Amino acid sequence: MKSPLKRLLPAALAAVVSACAVHEAPTHFYALNATIADNPSQRLHPPVRVGIGPLDFPKVLQRPQVVTREHDNKINVADFHQWAGRFDDDFLRILADNLVVLLGSNQIYTYPWESRLRPDYQVRISISRFDGELGKHVLLRARWQLLSRKGRKELAAEQTLIREPVEGQDYSAYVAAQSRALARFSRQIARTIRRFADGDTAKP
């Protein structure tokens, strides 16, 4: 015959497991968003072909969780706030989507592209920061190069530092600020490409 304690133990364990399941926080998933509206007057004629990448992305950001900072030396990793896909892949995809609009070209390729594709320009990017503080700001710091066809000639070597305010205290506002920072970065790249593309078009 079982003692009263042994009879109560399974029920107590089941109650503990049930309580944990009820109080466990749900996981929220996020993705960057292309925020630039189409403007036909921005289109280049003829359209340019642009290859984006390779992209060097900080290892601390190459994880499923959304990363924030309390200050420059303290990293927070949010277990219940995660990216819906790979963060670096999302960065390249949205950058390409933005350039499609800004340059008016559907021939924007992300690295690695097929060998048969021959971009007129290639943008190599090294990101050192793309994080920030909840409710404060997002920081995007990058070095990037614009290369001519097949990467034979460096046309420009640039450094970018963008500080974008976070318009809210939650992770949705934080990710929205990252999308806006990426849009500003996209505009910088597009302006540089336009400068050289317009020069090429003007040549006899």
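The values are calculated or read from the model by the stated rules, or taken from the named source; none is laboratory data. Computed from a predicted model, the values in this text were never measured in an experiment. Note that we place each Cβ from the backbone using ideal geometry, even for glycine, and neighbour counts take in every protein chain shown.
Going residue by residue through the range 32-42, is there one that turns out to be under 25 Å from residue 165 (Cβ atoms), buried (at least 16 other Cβ atoms within 10 Å of the Cβ) and β-branched (Val, Ile, Thr)? Within the range 32-42 (the criterion being under 25 Å from residue 165 (Cβ atoms), buried (at least 16 other Cβ atoms within 10 Å of the Cβ) and β-branched (Val, Ile, Thr)), the answer is yes, since at least one residue qualifies.
Considering only residues that are in a strand (DSSP E or B) and more than 12 Å from residue 185 (Cβ to Cβ), look in the range 144-158 and name the one that is modelled with the lowest pLDDT.
To start, the set of residues in the range 144-158 that are in a strand (DSSP E or B) comprises 144-148, 154-158.
Okay, now just the ones that are also more than 12 Å from residue 185 (Cβ to Cβ), so 145-148, 154-157.
Details: 145: 97, 146: 97, 147: 96, 148: 92, 154: 95, 155: 96, 156: 96, 157: 97.
Across the range 144-158, the extreme among qualifying residues is 148.
Taking the condition of being closer than 19 Å to residue 96 by Cα and of a type outside the set (Phe, Trp, Tyr), how many residues in the range 42-84 meet it?
Keep residues of the range 42-84 that are closer than 19 Å to residue 96 by Cα, which gives 42-57, 83-84.
From what's left, of a type outside the set (Phe, Trp, Tyr): 42-56, 84.
Result for the range 42-84: 16.
Within the set 99, 117, 95, 161, the sole residue that is under 21 Å from residue 185 (Cα atoms), loosely packed, with under 13 Cβ neighbours inside 10 Å and not polar (S, T, N, Q) turns out to be 161.
Pull out all pairs, ordered by first then second residue, where Cβ-Cβ is under 9 Å, the residues are six or more apart or on different chains, the first lies in the range 47-74 and is free of Cβ contacts under 8 Å to residues at least 40 places away in the same chain, and the second is among the acidic types (Asp, Glu) and part of a helix (DSSP H, G or I). Here the result reads 62/88, each pair linking the range 47-74 to a residue that is among the acidic types (Asp, Glu) and part of a helix (DSSP H, G or I).
For the range 50-103, a residue qualifies if it is in a strand (DSSP E or B), over 14 Å from residue 171 (Cβ atoms) and among the small types (Gly, Ala, Ser), and the qualifying residues are 51, 53.
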